[in-house]
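The structure appears below as structure tokens.
The values are calculated or read from the model by the stated rules, or taken from the named source; none is laboratory data. This is a predicted model, so every value here is computed, not measured. Counting neighbours? That spans all protein chains shown, and the Cβs are built from the backbone with ideal geometry, glycine included. Note: accessible area is taken over every heavy atom of the protein model, side chains too, but ligands, DNA and RNA are not part of it. Shrake-Rupley method; radii C 1.70, N 1.55, O 1.52, S 1.80 Å.
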Amino acid sequence: MATNSIAISKDVEAISFWQGAVVVLGRFFFALIFLFAAPNHFTRQTIAFSASQGVPLASIAVPLSGVLAIVGGLSILLGYRAKLGAWLIVLFLIPVTLMLHKFWTVQDPMMAQIQMILFMKNVSMLGGALLISQFGAGPFSLDARSSR
């Protein structure tokens, strides 16, 4: 009896150099936003803004979210324990998205549109992080190197 399932090869040799390079580039682009934005999570302005948006214990939660973004972003970028790093990004994105981009509560239509765009951006990054959490960092990564 035939099945409709597709076997996914984990054989590194089955992946061309260019496919691996594209995965590395994808990891770089994905991690970039977290690594560039994370230092702001340690500023008074970001902590104060988050507190004004109702983030509980913002003086602790916001720097902690910065640590999650840095560690998760570096993990994915380097491909070192990338599945764990992706879960850290998921842990970062869920509360940030729900607490800071509440477009449904904004009265001004222009600001509501901006917040909806930011919300959907975060949702798409959440999807990417969930994919990495399941499929890992790919062939050109520290994870792949250590599994040989």
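Return a yes/no flag: does the range 107-114 have any residue that is open to solvent by less than 40 Å² (accessible area, probe 1.4 Å), in a helix (DSSP H, G or I) and under 21 Å from residue 141 (Cα atoms). No: zero hits.
Residues being assigned to a helix (DSSP H, G or I), open to solvent by 40 Å² or more (accessible area, probe 1.4 Å) and touching a helix residue (DSSP H, G or I) at 6+ places or on another chain (Cβ under 7 Å): count how many of those fall in the range 48-60. The number of residues fulfilling the criteria is 2.
Against the condition assigned to a helix (DSSP H, G or I) and open to solvent by 70 Å² or more (accessible area, probe 1.4 Å), how does residue 125 come out, does it pass?
no
Scanning the range 29-47 for residues that are among the β-branched types (Val, Ile, Thr), over 20 Å from the mean Cα position of the chain (by Cα) and either within 17 Å of residue 86 (Cβ to Cβ) or assigned to a helix (DSSP H, G or I) (or both) returns a single hit, 47.
Being open to solvent by less than 70 Å² (accessible area, probe 1.4 Å), assigned to a helix (DSSP H, G or I) and either at pLDDT below 95 or not basic (Lys, Arg) (or both) is the requirement here; does residue 26 meet it?
Criteria met by residue 26.
When only residues in the range 128-148 that are in contact with a helix residue (DSSP H, G or I) (Cβ under 8 Å, 6 or more places away or on another chain) and exposed (fewer than 11 other Cβ atoms within 10 Å of the Cβ) count, which is modelled with the highest pLDDT? Among those that are in contact with a helix residue (DSSP H, G or I) (Cβ under 8 Å, 6 or more places away or on another chain) and exposed (fewer than 11 other Cβ atoms within 10 Å of the Cβ), it is 134.
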